[in-house]
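Before any comments, here is the structure.
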Amino acid sequence: MSQLKNLQPERVFHYFHKITKIPHGSGDMDKIASFCVDFAKEHNLKYYRDEANNVVIYKNGTNNLKNAEPIILQGHIDMVCQKTEDCTIDFTKDSLEVFVDGDFVKAKNTTLGADNGIAVACILAILESDSYTHPPIEALFTTDEEIGMIGATKLDTSVLTAKKMINIDSEEDDTMTVSCAGGSDFKVFFNFQRENVTGTEIELTLKGLQGGHSGIEIDKGRVNSNILAGRVLNHLKSTGFDLLSIDGGNKTNAITNLTKIRLCVNNKDEFIKEATEYLEVIKSEFTVREPDFTYQVTPLENGTFSAINKESANAIIYALTCVPNGVIDMSAEIKCLVETSLNLGILTTSENSTEMHISLRSNKESTMVALENKLNTFFSILPCEFSIFDKYPSWEFNNNSVLQKLYKEIYENETGKSLKVEAIHAGLECGVFASKIKDFDCISIGPTMFDVHTVKERLSVSSTERIFKILLKVLENCK
């Protein structure tokens, strides 16, 4: 058994360890949804599963709260799958290699999936126990949150009766989140013809950047390797290369930390010299904010290659060089809150197309629309097609929230510390449910974790125990 067996709360980490053994990357939800259903059957609990693999498990209230108003406990069952270049794990079939390092649970060379597996584990630990006092629970496990909150959007909320919800998808245990950004994804297609060119194939790799969550870390100055690729290619245009392919990132909500470019050049030595000199300038520039940045300029074989035609290649490089990325505006109402941002998270090249997927976020609907219009205007002058998809609503602050008041009181009584109450720039499923359920009262909480969506992701054990105890206390006091 894993080291997690010795951690507290024991049943929470028992279920978390089980979850790390089940493939559950976004888009691969069947196995983890079946795990939740099997849990419900094993414990004789009523359940609901829909075509999107969302699962709701119902449990009656206990002790003096049998007739209290029900409450939703909610988390998502998909994870962001990232791994190091040398990692051989297949996320579609292999278990994660989890281990304990001091106060932290980590995964070897991959993301951990504590976002949001720890929420699922906490909820299952509550559902299985007969010793906790709580109102009727509607445990809601949603799918594909990390790729646009698809499960939450598709859920028929008529299967829920509760008007209160505790979302367990926040990442700082001293913080209660009460508002979040809405968002959309902007997809661009550069369709092209290829033409044969001769010369030396060069692979140019930009790597070692920090990456991170495109909502939470967007204001940290972290460099997006796809945007950096545009800068590098624009500088090197004078060398006369032909573009074969460019690929970076596989999640719109992750700041891309690795981009690979394939080129064909006629003067190998001149190109390598120019590229190396410029990349050394960039490396020196990044000393503080991206200390682990590195690159490789690797000559491969000589021959004839199928290159993207010049007009399309130039358009791709222009877009990567000039498209807005990162923080667009800060909130005037909430100190230090990013109001509007965007992130070029996915860049892929196939035989006849290069695709760009850009994640947009804003805490205001009007500024979201303005940013969408800005991208429409930018890309309309280029030889490409584009569309907006997977829009999700923002979650506005509720000044009359009963849950906010209850959680703050219990947290401060239990810890002797002040609770931070914050709005965040990241998206949460709370916004989707707030738009669907009338008179909805919701908060988002969670244990402390760091570097989610990266291979450095880690979960605090002591924080998990603390948040679980506070959650139980809140449930005991839900009238």
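The values are calculated or read from the model by the stated rules, or taken from the named source; none is laboratory data. The structure displayed is predicted, hence computed values, not measured ones. Here Cβ is always computed from backbone atoms with ideal geometry, including for glycine, and neighbour counts include all displayed protein chains. Accessible surface areas use protein heavy atoms only, side chains included; no ligands, DNA or RNA. Shrake-Rupley method; radii C 1.70, N 1.55, O 1.52, S 1.80 Å.
Data overview
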item	result
Pairwise label distance in nanometres, Ser306 with Asn63, each label 7 Å out on the Cα-Cβ vector	6.8
About the Cα centre, charge dipole magnitude for the chain (Lys/Arg +1, Asp/Glu -1 at Cβ), debye	800
Convex hull volume per residue in cubic angstrom - Cα atoms of region 378-449	150
Helix-only mean residue ellipticity at 222 nm for the chain, each DSSP H run of n ≥ 4 adding -39500 (n - 2.57), per residue, nearest 500	-9500 deg cm²/dmol
Using distinct alpha-carbon pairs, which all enter the 1/r mean, Kirkwood radius of region 340-393 in Å	12.3
Cut-off 13 Å between beta-carbons: net charge of the residues surrounding Trp395, Lys and Arg +1, Asp and Glu -1	-3
Apportionment of accessible area to carbon and sulfur, the chain, percent (1.4 Å)	46
Antiparallel bridges, percent of DSSP beta bridges restricted to the chain (to nearest 5)	80
Largest-first principal axis extents, alpha carbons of region 338-479, Å	60, 37, 23
The chain: angle of helix 461-476 to the longest principal axis, Cα-based, in degrees nearest 10	40
For region 415-457, fraction of C-alpha pairs farther apart than 12 Å, in %	75
Gained length - Gln193 relative to Asn352, 0.36 nm times residue gap less alpha-carbon distance	56.6 nm
Against the rule of thumb 2.2 N^0.38 Å, how large the Cα Rg of region 113-247 comes out	1.63
Assigned charges on the beta-carbon of Lys, Arg, Asp, Glu; region 324-455 dipole about Cα centre (debye)	280
Overall dimensions of the chain by Cα: Rg and Dmax, Å	23.9, 80
Solvent accessible area, Å² - Lys405, 1.4 Å probe, full protein context	150
Computed magnitude of the charge dipole of region 229-301 (debye, nearest 20; Cβ of K, R +1, Cβ of D, E -1)	260
Two-site label geometry, Gln296 and Cys336: point separation in nm, points 7 Å out along Cα→Cβ	3.9
With DNA, RNA and ligands ignored, accessible area of Met330 (1.4 Å probe; Å², nearest 10)	80
Whole-Å semi-axes of region 48-129's equivalent ellipsoid (Cα gyration tensor)	33, 17, 9
Calculated P(r) tail over 17 Å for region 242-363, as whole % of Cα pairs	68
Solvent-accessible heavy-atom area per residue, rounded to whole Å², over region 1-155 at 1.4 Å	40
Net lengthening on full extension, Asp219/Ser380 (0.36 nm per residue, minus Cα-Cα)	55.2 nm
